[in-house]
Amino acid sequence: MVLEDNIRAALFDLDGVVFDTESQYSVFWGNQCRFYHPEEPGLENKIKGQTLVQIFDKYFAGMEEEQAKIVARLDEFERSMKFEYVPGFLDFITRLRVGGVKTAVVTSSNKVKMEAVYAAHDEFRQLFDAILTAEDFERSKPDPDCYLKGAALFGLEPRECVVFEDSFNGLRAGRAAGMTVVGLATTNAEEDIRPYCDKVIKDFL
């Protein structure tokens, strides 16, 4: 994939973009949803791309004790996850950095999750000029706050940045930020995400 000449920073979501982890999360949330909401089969598919806060607010409101249990289970699950790069990602980001393009992770994942990532991949932090997590944002995707902060971190205008996303909320955030949006069809079908993207790819090969 070749970026336009005006692009000076590439901002990457994490799950479904850098790492092919969505199928693992479907297993985790499938178990939780069947236990707490057996009346809504397939709920794990509806919540794809939503933050933990958004999931709790909509489906677990007023269930603080159960929320705490789910967080504990999720933390344990993420410590044992397999973090496999989306095909072609390592070569792609290496080419970007050699070409002088700034790179950042902009994820709704928290610092606890990122520690699991760092433990699995010693090289991860060296791939990016910045790593922004849920703790760095006041508002979650689809609000553009996270991507605008990414651009500001590098002193760039939104039009100088490209966003790589897979979820509907993430794609909407990138579009609302006024950035070029590349959608990865790793989590949702290509035809479903196309209206939210400037370009759709299956991977980075």
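The values are calculated or read from the model by the stated rules, or taken from the named source; none is laboratory data. These numbers come from a predicted model, not from an experiment. Cβ coordinates were reconstructed from backbone atoms using ideal geometry, including for glycine residues, and neighbour counts include every protein chain displayed. Surface areas here come from the heavy atoms of the whole protein model, side chains and all, with no ligands, DNA or RNA. Shrake-Rupley method; radii C 1.70, N 1.55, O 1.52, S 1.80 Å.
Comparing 140, 108, 80 in a Gaussian network model of the chain, where Cα atoms under 10 Å apart are tied by springs, the biggest mean-square fluctuation is seen for 80. Summed over the residues of the chain and divided among them, the accessible surface reaches 49 Å² per residue at a probe radius of 1.4 Å.
Considering only protein heavy atoms and a 1.4 Å probe, what is the carbon-and-sulfur percentage of the accessible area of the chain? Let's see the in-between values first.
On the way: 5000 of 10090 Å².
The C+S portion of the solvent-accessible surface of the chain is 50 percent.
A simple spin-label model places pseudo-atoms 7 Å from Cα toward Cβ; at residue 73 and residue 34 they are separated by 1.1 nm.
Just checking the listed ones, 83, 12, 124: in the Gaussian network model of the chain with Cα springs under 10 Å, the one fluctuating most is 124.
With the convex hull constructed from alpha-carbon coordinates only, the chain shows a mean projected area of 10.9 nm² over all directions.
Counting only Cβ charges, +1 for Lys and Arg and -1 for Asp and Glu, the dipole size of the range 6-138 around its Cα centre is about 420 debye.
Measuring how big the range 66-118 is from its alpha-carbon positions, Rg and Dmax come out at 14.9, 48 Å. Would you mind checking the range 56-99 for residues with the amide N under 18 Å from a putative spin-label position 7 Å along Cα→C-beta of residue 118? It comes to 75-76, 78-81, 83, nothing else. Evaluated over the range 41-103, the count of Lys pairs having alpha-carbon atoms less than 26 Å apart is 8 (only pairs 8 or more residues apart or interchain). Sorting 184-190, 194-200 by their mean Cβ neighbour count within 10 Å, with the most densely packed peptide first, gives 184-190, 194-200. In order along the range 71-87, the Karplus-derived 3J(HN,Hα) couplings, from 6.51 cos²θ - 1.76 cosθ + 1.60 at θ = phi - 60°, round to 4, 4, 5, 5, 4, 5, 4, 5, 5, 10, 5, 9, 9, 9, 5, 4, x Hz, and Gly and Pro are given as x.
Each stretch of four or more DSSP H residues adds -39500 (n - 2.57); spread over every residue of the chain, this sum gives -12000 deg cm²/dmol at 222 nm.
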